[in-house]
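To keep things clear, I will list the structure first and then write my remarks on it.
The values are calculated or read from the model by the stated rules, or taken from the named source; none is laboratory data. These numbers come from a predicted model, not from an experiment. Note that we place each Cβ from the backbone using ideal geometry, even for glycine, and neighbour counts take in every protein chain shown.
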Amino acid sequence: MKRFKKSGALAAIFAAALLCLLAPRAGAQTGSISGTILDVNGKPWAEVVIRAVSDQGAKQETKTDSGGKFSLPNLRSGIYSVFIVFPPPNDKQAPFEAKTRVQSGEDAKVDLNFKDIVSKQGAEAQEQVKKAEEAKSKMEGLKAHFTAGNALIDQEKQAKIDLQKAPADQRDALKQKLNEFSEQAVKEFQEASKNLVEKDPNAHLVWFKLGEAYDTAGRNDDAVQAYQQAIAAKPDVPGYYNNLGNVLARAGKIEEAKAAYTKSAELDPPNAATAWRNFGISLYNANRLGDAVEPFKKSAELDPKNAQTWYLLGASLVYKMTTKKVGDKEEVQFAPGTIEAYQKAVELDPNGTWGQQAKQGLEQLQLMAPGIDTKVNLKKKKS
């Protein structure tokens with residue numbers, strides 16, 4: 001009987017242990033932190049980073065909403081440091097810290113009004129919050145002027161399209177409108193630049209757009225300076241060098257323009273042909289056809305299937321033609337490659353704009369030098 005009772009007792013112990021193992025464990029109880037953050041003017045402070053760090057090192061982070069409210073749920077019990085992280089560019093400064101206790105099943109409130117805090121704390125804290133507010137104000141101003149400037153540039157582009165299509169009696173009014181858009185865009189981006197802070201990550205975009213506005217307004221020197229500032233802020237963007245090259249070429253600063261386009265091509269090898277073609281077009285439009293030959297040749301070497309490049313190369317080479325006295329007559333001597341460039345444009349684009357203009361160019365060459373061979377061998381397309 002004693003052995004039987006001992007065995008029964010052991011069975012009861014094992015059964016109890018088994019029940020403990022199989023019984024579901026209650027989940028860990030958690031609490032939360034929530035509150036409202038007001039700025040130095042007593043208004044809701046939106047998009048501010050709130051970071052909670054427990055005395056055990058656990059971290060959780062969120063941002064305030066448009067009403068300055070935030071919530072950090074599912075926090076284990078403990079003492080928490082709640083940090084209010086100041087927005088850029090003051091985010092490297094020490095965040096403001098408040099402490100609170102989190103208890104299971106409860107919501108700890110952290111409501112902060114920086115208007116009151118600043119009035120109570122010392123000069124250092126006041127200056128810190130003041131800088132954060134100034135940065136916020138500058139960011140908002142920058143964004144507003146930048147957006148307005150972009151809208152004006154879009155209006156400029158549309159005005160240019162309208163100007164090209166307009167009858168002669170409407171062009172003066174459209175030119176005036178275009179100039180107004182250009183000047184307004186310049187003013188907006190100038191104001192945006194005034195809102196830049198030290199080491200502002202948006203600086204390069206503002207300077208680039210200001211350069212574009214100056215460029216459109218025909219203010220070459222100002223455009224060059226703005227593009228150079230964009231490059232200084234972010235020196236690895238090919239388009240910045242390309243635009244700088246456009247303005248320098250138009251201003252007749254050929255070597256400086258060449259250096260800018262060369263850098264653009266180095267930074268973006270797949271589009272190097274485009275960079276050199278743009279260089280050539282800028283020189284061509286500035287009536288510097290002789291200088292345009294070299295960049296068009298480079299572009300043609302890199303992208304031999306571009307009809308526009310071949311046509312403009314041919315047109316630029318015409319500028320280099322000379323005359324030679326033979327007997328009593330002056331015979332035209334075309335620069336090597338002139339006829340071939342036009343022929344290549346026709347081959348690549350027989351029915352398009354560049355091919356048709358190249359055909360006209362060949363006809364003009366024949367008028368200047370009767371008897372030259374300007375025939376084009378067009379390949380028939382496979383059906």
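Residue by residue, here is whether (1) more than 25 Å from Gly218 (Cβ to Cβ); (2) loosely packed, with under 15 Cβ neighbours inside 10 Å holds:
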| site | (1), (2) |
| --- | --- |
| Ala265 | yes, no |
| Asn285 | no, yes |
| Ala292 | no, no |
| Thr309 | yes, no |
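Listed here are the residues, each with its yes/no results for (1) under 21 Å from Asp291 (Cα atoms); (2) acidic (Asp, Glu); (3) in contact with a His (Cβ under 8 Å, 6 or more places away or on another chain).
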{"site": "Asp328", "(1), (2), (3)": "no, yes, no"}
{"site": "Glu340", "(1), (2), (3)": "yes, yes, no"}
{"site": "Gln343", "(1), (2), (3)": "no, no, no"}
{"site": "Asn351", "(1), (2), (3)": "no, no, no"}
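Take Val318 and decide whether it is in contact (Cβ under 8 Å) with a residue 12 or more places away in the chain, more than 32 Å from the chain's Cα centre (by Cα) and surrounded by fewer than 16 Cβ atoms within 10 Å (Cβ to Cβ). Taking the combined requirement at face value, the residue does not satisfy it. Residue pairs whose Cβ atoms lie under 6 Å apart, separated by 6 or more positions or on different chains, with the first residue in the stretch 104-118 and touching a residue at least 12 places away in the same chain (Cβ under 8 Å) and over 12 Å from Gly68 (Cα atoms) and the second of a type in the set (Ser, Thr, Tyr) and outside any strand (DSSP E or B), are Ser104/Ser77.
Looking only at residues of the stretch 327-342 that are outside any helix (DSSP H, G or I) and closer than 10 Å to Ala369 by Cβ, we find that the one that is nearest to the chain's Cα centre (by Cα) is Phe334.
Summed over the stretch 209-227, the residues that are hydroxyl-bearing (Ser, Thr, Tyr) and at pLDDT 90 or above give a count of 1. Evaluate the stretch 354-371: report whether one residue or more is touching a helix residue (DSSP H, G or I) at 6+ places or on another chain (Cβ under 8 Å), outside any helix (DSSP H, G or I) and surrounded by fewer than 19 Cβ atoms within 10 Å (Cβ to Cβ). So far as the stretch 354-371 goes, no, none of its residues is touching a helix residue (DSSP H, G or I) at 6+ places or on another chain (Cβ under 8 Å), outside any helix (DSSP H, G or I) and surrounded by fewer than 19 Cβ atoms within 10 Å (Cβ to Cβ).
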